[in-house]
1. Return yes or no: is residue 212 open to solvent by less than 70 Å² (accessible area, probe 1.4 Å), in contact with a Gly (Cβ under 6 Å, 6 or more places away or on another chain), over 14 Å from residue 28 (Cα atoms) and part of a helix (DSSP H, G or I)?
2. Kindly indicate which of 129, 120 is crowded, with 22+ Cβ neighbours inside 10 Å, of a type in the set (A, V, I, L, M), part of a helix (DSSP H, G or I) and in contact with a helix residue (DSSP H, G or I) (Cβ under 8 Å, 6 or more places away or on another chain).
3. Does segment 58-105 hold any residues that are open to solvent by 70 Å² or more (accessible area, probe 1.4 Å), at pLDDT below 85 and closer than 21 Å to residue 224 by Cβ, and which are they?
4. I need a count of the residues in segment 179-194 that are under 23 Å from residue 219 (Cβ atoms) and open to solvent by 40 Å² or more (accessible area, probe 1.4 Å).
5. Within segment 236-250, can you find the residues that are outside any helix (DSSP H, G or I) and over 17 Å from residue 4 (Cα atoms)?
6. Being part of a helix (DSSP H, G or I) and within 30 Å of residue 114 (Cβ to Cβ) narrows it down to one of 273, 219, so name that one.
7. Take the residues in segment 21-51 that are open to solvent by less than 40 Å² (accessible area, probe 1.4 Å) and modelled with pLDDT under 85, then tell me which one is farthest from residue 200 (Cα to Cα).
8. Out of all the residues in segment 238-249, which are in contact with a Gly (Cβ under 9 Å, 6 or more places away or on another chain) and open to solvent by less than 10 Å² (accessible area, probe 1.4 Å)?
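The values are calculated or read from the model by the stated rules, or taken from the named source; none is laboratory data. Remember, it's a predicted structure, so these values are computed and weren't measured experimentally. Cβ: placed from backbone, ideal geometry, glycine included. Neighbour counts: every protein chain shown. Ligands, DNA and RNA are stripped out before the accessible areas are found, and what is left, the full protein with its side chains, is counted by its heavy atoms. Shrake-Rupley method; radii C 1.70, N 1.55, O 1.52, S 1.80 Å.
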Amino acid sequence: MTTPIVVAVLIAALLHASWNAIAHSITDRLLGFALIGAGGMLATLPFLFVVGLPPVEAWPILLGSLLTHLLYLGLLMLSYRTGDFGQVYPLARGTAPWVVALIGVVFLGETLPPREFIGVLVISAGLMVLVFAGGMPKRHHVPALAAAFATGLAIACYTVVDAYGVRLTQNPLGYITWVMMLQGPVFLLVAIATRRRRLVAQLRPIWKVGLAGGAVSAGAYGLVLWAQLSGAVAGIAALRESSIVFAALIGLVFFRERFGPVRILASAVVVAGVLLLAL
């Protein structure tokens, strides 16, 4: 976890929070995911003529990446439909880092120094605190929280798959380009099939915002993939989830959203975890 890696991942976290803020106004989740996928695909399309085809041994990894990313997006949509964003999203993102740490040890042969392991746990704990920002969950919240936990497991899976893939190819630009090429059209095709003649009218007021969000998203994940070449996938995954704190700050500054004592506490815990990883 060298200084350039920490800085790159924190920039990626800020970009991740920014594209989420850009897409904040898109209440139609299917169209939002369709436009973000298309925006990522268009942003990386020029690089397709530079990177060429991935090596044969990378294709199964890219397929695994596609499947795990789609599983993540499907579970995220389910979480949004059954629960509140302020509860389900922090639980999903807070679950991922410690699961990545466990998977990384088992499947990637990684070892975490005690300080970095504690940093991962501290960041996860800080994000989990945000689940309680709106009060204690009730019994009727259980299905949404279960879906959010499953979303966190899916995040961990695609994180480890992509870490393995980018190390196999040693080409983060080529890898992110092909991830976007494979993933980008899926939800757009679903939207075309289900909305049909209504699609153009529904896209007209939101297409610029959605495509811009997709381009920023591709840039953010490209930085994460570059950082994963160094190893330390668990620490990188944890640092990336500090995007939730950036999102809360963006909400405070630009949307006049209330920060509140729970968010202040959670942000302080996350910052402490980031310092443990960075120092």
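1. Answer is no for this residue.
2. After ruling out the rest, the residue left standing is 120.
3. Answer for segment 58-105, where residues must be open to solvent by 70 Å² or more (accessible area, probe 1.4 Å), at pLDDT below 85 and closer than 21 Å to residue 224 by Cβ: 98, 102, 105.
4. Final tally of qualifying residues: 3.
5. Within segment 236-250, the first condition is being outside any helix (DSSP H, G or I), and the residues that meet it are 241-242.
Within segment 236-250, just 241 meets the criteria.
6. Details: 219 fails: within 30 Å of residue 114 (Cβ to Cβ).
After ruling out the rest, the residue left standing is 273.
7. The selected residue is 21.
8. 238, 239, 241, 242
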